[in-house]
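The values are calculated or read from the model by the stated rules, or taken from the named source; none is laboratory data. Every value quoted in this text rests on a predicted model; they were computed, and no experiment measured them. Using ideal geometry, Cβ is built from the backbone for each residue, glycine included, and neighbour counts are taken over all protein chains shown. For accessibility, only protein heavy atoms count, side chains too; no ligands or nucleic acids. Shrake-Rupley method; radii C 1.70, N 1.55, O 1.52, S 1.80 Å.
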Amino acid sequence: MESERGLLLVEENPRKGGLRTMPFIIVNESFERVASFGLQLNMIIYLMTYYNMSAATGTSILGLWGALSNGLALFGAITADFYLGRYRAVAYGSISTLIGMIILWLTAMIPQLKSSPCSQNQHVCNGVTALQLAVLFSSFGFMSIGAGFVRPCSIIFGADQLENKKNPNNQRILESYFNWYNASSGISTILAVTVIVYIQDNYGWKVGFGVPAILMFLSVLMFQIGSPLYIKVKPKTTENLVIGLFQAAVAAFRKRNTRRPLSDCDEFYRWPLESDVLPPSKDFRCLNRACIIEDPQRDLNPDGSASNQWNLCSVEQVESLKALIKALPMWSTCFMIFVDMNVFSFSLLQTKTMDRHIFPHFEVPAASFSVFMIAALTIWIAFYDRILVPLLSKYTGQPRGLSPITRMGIGLISSGMSIALSAITESIRRQRAIEEGHEDDPNALVNMSAMWFVPQYALLGVAEATHAVGQVEFFYALFPESMSSIASSMYTVGTAVSSLIGSILVSGVDWLSSTGGKTSWLSSNINRGHIDYFFWLLSFLSFINFLYFLVVCRFYESLNDGSSRLSHVAEDKECDYRLLHES
């Protein structure tokens, strides 16, 4: 975080910043999270009811929405750091999210903006117009843009207010802030999963969408009220790391025919302030051409800087590109675990047909079952950090108990087990529904407790807790210090790619399984479809992915024992966990 902040200029004003700004920033993020996350959980029901979408189509659209939101987070972080500044990024993002929520709320309020729901006796339903879909998708687009700016910038914007290197207690204050920020995010997520979902189920969509819109309005209002108190970091448009990676690739391609040796050469270009004087590594030696000085008169300016950065790059840029290439195989193994998590829409349809009563007069909303995943994630992190780490570190020699790669593998196994268990549970649920005569009524309640799904959600929570944290630790060990922000953003970009893959997979399975007039596996009538077959397919793909993971691990054996092959990475480098869910 310090290296990232070193690229920025800060407005010095002792009367700004400090703890007094925290309520405005934390309330802004908390209300935004409650509002936006609360809208997503029941969205598949809204799409199927008022837009006459099939379960497969609705799930694919929600997958694309998730891919767009997560993909824009990286764009939002780069834009904030180098063009807008974090204050304007959070402000613009919050307003964009508010606009999207208001548009979505209007679709529930104005009958002309959605189609009429199909009755059970209707064989042909009214089609959805292009205008209705345009309004719906515009709301998704505004909310995605807002999430892309708010989530990667909000937590760091709060840290900007507390950064004071002259204060000897500054580190303790920052750690306390990150703990409170993450605690508020967790509480907000639980409120979204429980309270907002309950309102939608019991008071309808007009109130269910109106409450998040009001909360988002309060989020924007609170953030703007605190504006005079904020320290506002100004962006610096030079030395963009992402652009530097592209420059290194372009320079290596342009100089692919150079006859200069790629090793035993001292004429490598470095930035004037670059302290590392080591030569480029021997990995991917073809990329070393990008930093070779062929003609000092032509390649360098009088002050020693490169005359054309798209033709000559520094050693640091080349090594950063190499580190990114090294990370890609391991990064690709993470896609399947997020694909498994993105089938929540089908789990929602399953639990709606089952007995969800905990007490005789209290029924858990179907969309609230994801709280078991959140609970399992939280309990596992606390259990691992406080109990397992001290025990395992004595036997493994790892300061974090298990190596990042080992924890990633445990996450993949847990995810695959969860999907296999879901397939077994769905087979039992579907068989009971048919035996009870509900084959043609997907809304009929089956005499089976929805608590059967708790183990699946718990395993997914453990999978995310082990794999996600291990993945970020792995990238922090592999990447140089200058790429810390990229290490954090790899997780978010991975979820975006996974959402896209999941959307394509759902559409493909729906199309293939329905050829020849057959009932699709992913039919909206889940009693006639075969969601269990789809889950078994995901289980098989998870198994193949785990085998691929084992192959990929052979290329990272040095990192599996806690060391790093990069000489410029400190052995005690600490993973920036606070950026995991916000990057």
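The table for this structure:
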| item | result |
| --- | --- |
| Distance between the stretch 182-247 and the stretch 389-468 - C-alpha centres, whole angstrom | 29 Å |
| Local net charge near residue 503, Cβ-Cβ under 15 Å (Lys/Arg +1, Asp/Glu -1) | -2 |
| For the stretch 41-83: accessible area per residue (Å², 1.4 Å) | 30 Å² |
| Label-zone membership for the stretch 85-119, site residue 129, 7 angstrom Cα→C-beta point, backbone N under 16 Å | 107-117 |
| Förster radius 56 Å - calculated FRET efficiency between residue 301 and residue 224 (Cβ-Cβ, nearest 0.05) | 0.80 |
| Formal net charge of residues neighbouring residue 347 (Cβ-Cβ distance under 13 Å; K, R +1; D, E -1) | 0 |
| Counted charge near residue 537, where neighbours are those whose Cβ lies closer than 14 Å (Asp, Glu -1; Lys, Arg +1) | -4 |
| q = 0.20 Å⁻¹: log10 I(q)/I(0) that the Debye formula gives for the stretch 374-507, counting C-alpha atoms only | -1.22 |
| Within the stretch 189-207, backbone nitrogen closer than 19 Å to the virtual label 7 Å beyond the Cα of residue 443 toward Cβ | 198-207 |
